[in-house]
Amino acid sequence: MATLTVPVTVPSPAEDCEQLRKAFGGWGTNEALIISILAHRNASQRRLIRSTYSQIYGEELLKSLNDEISGDFERAVILWTRDPAERDAMLANEAVLRWKPGNPVLIEIACARTSSELFAVRQAYHTLFKRSLEEDVAAHTTGSFRKLLVPLVSSHRYEGPEVNMKLAKSEAKILHEKISDKAYDHEDVIRILSTRSKAQLIATLNQFNNEFGNAFNKNLKSDPKDEFLASLRAVVRCFCCPERYFAKVARVAIEGLGTDENALTRVIVTRTEVDMKLIKEAYLKRNSVPLDRAVAGDTSGDYENMLIALLGA
């Protein structure tokens, strides 16, 4: 499902570091060489490149990149080069410190990652910022959003396939009752969405649809401008159909008068090694345009080349 392309014969980390050092030398930076290496190495290979570069040259690779490149290209390269858990921790910290209602980054990290991945993000966050992710989320969010986000980022869900259908029927009724009463931030709604496994939650939502004749998310569209309802819908979509969720984020980032480079970069660098092929299929089905072509038409230069390389073109 990944779109990352790695050479059949991969150079050693030392060879990659030597080539990166050459890209940084001379009168100008060789951006194409940087892309040809980093955009075609998986997470474990990038980790080895970073540690080897530090051992050989006595400098963190990310610092060298920061000194040599800039703008949206720099952000894409540095986010991509980071370890996935470290990257998510950085994105979560940005989202927390600049938090505003409707920002979906924390929901994406909490709901579109496995339990072990989310646990690794919390560990990385603690190492980087000397605070817990839960602590910062609680400190910077308010009201219904705090009630939802703190348990989401704290969760450690069961990942197996087992489903309790009796529980699914019971909790579908609870959800219907609370949503009908417009008690969207009721503790039972948040408990179900923040603790149940993916398989259990999908079974509950399917039961909701079968018993009450309407998809759960459609019941959360009573006020399209309500950002908390949009957040609840994002939770459900990240669990049930992440490829469609991220295809929509990419479409919204590309459409309109300007490009939301941060959102577009986030989707591509976080999903390239996960399910980008499925996201591309969902994007094409929804928009009748390949995602690669849409990205190429809305970006330019080295930034475009980096994103297109990650998309597998």
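The values are calculated or read from the model by the stated rules, or taken from the named source; none is laboratory data. Here the structure is a predicted model, which is why all the values come from computation and not from measurement. Neighbour counts are summed over all protein chains in view; Cβ atoms, including those assigned to glycine, are modelled from backbone coordinates with ideal geometry. The accessibility values were calculated without ligands, DNA or RNA, using every heavy atom of the protein model including side chains. Shrake-Rupley method; radii C 1.70, N 1.55, O 1.52, S 1.80 Å.
A few comments on the model shown:
- Within segment 115-140, the only residue that satisfies the criterion of being surrounded by fewer than 17 Cβ atoms within 10 Å (Cβ to Cβ) and in contact with an Asp or Glu (Cβ under 6 Å, 6 or more places away or on another chain) is Ser115.
- Just one residue in the set Phe208, Phe239 is in a helix (DSSP H, G or I), of a type in the set (Phe, Trp, Tyr) and over 21 Å from Asp275 (Cβ atoms); that residue is Phe208.
- The residues of segment 76-111 that are in contact (Cβ under 8 Å) with a residue 60 or more places away in the chain and open to solvent by 20 Å² or more (accessible area, probe 1.4 Å), listed by number, are Pro84, Pro101, Gly102, Pro104.
- Considering segment 25-42, the residues that are open to solvent by 20 Å² or more (accessible area, probe 1.4 Å) and assigned to a helix (DSSP H, G or I) include one that is nearest to Thr9 (Cα to Cα), namely Ser36.
- Among the residues of segment 98-141, those identified as at pLDDT 95 or above and among the polar types (S, T, N, Q) are Thr114, Ser115, Ser116, Gln123, Thr127, Ser132, Thr141.
- Within segment 257-291, the set of residues being closer than 19 Å to Ala39 by Cβ, open to solvent by less than 30 Å² (accessible area, probe 1.4 Å) and not β-branched (Val, Ile, Thr) comprises Leu264, Arg266, Arg271, Asp275, Met276, Leu291.
For every residue, the table says whether it meets (1) assigned to a loop (DSSP other than H, G, I, E, B); (2) at negative phi; (3) among the hydrophobic types (A, V, I, L, M, F, W, C).
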position: Asp223; (1), (2), (3): yes, yes, no
position: Leu232; (1), (2), (3): no, yes, yes
position: Ala247; (1), (2), (3): no, yes, yes
position: Ala253; (1), (2), (3): no, yes, yes
position: Asn262; (1), (2), (3): no, yes, no
position: Lys277; (1), (2), (3): no, yes, no
position: Lys280; (1), (2), (3): no, yes, no
position: Asp292; (1), (2), (3): no, yes, no
position: Gly312; (1), (2), (3): yes, no, no
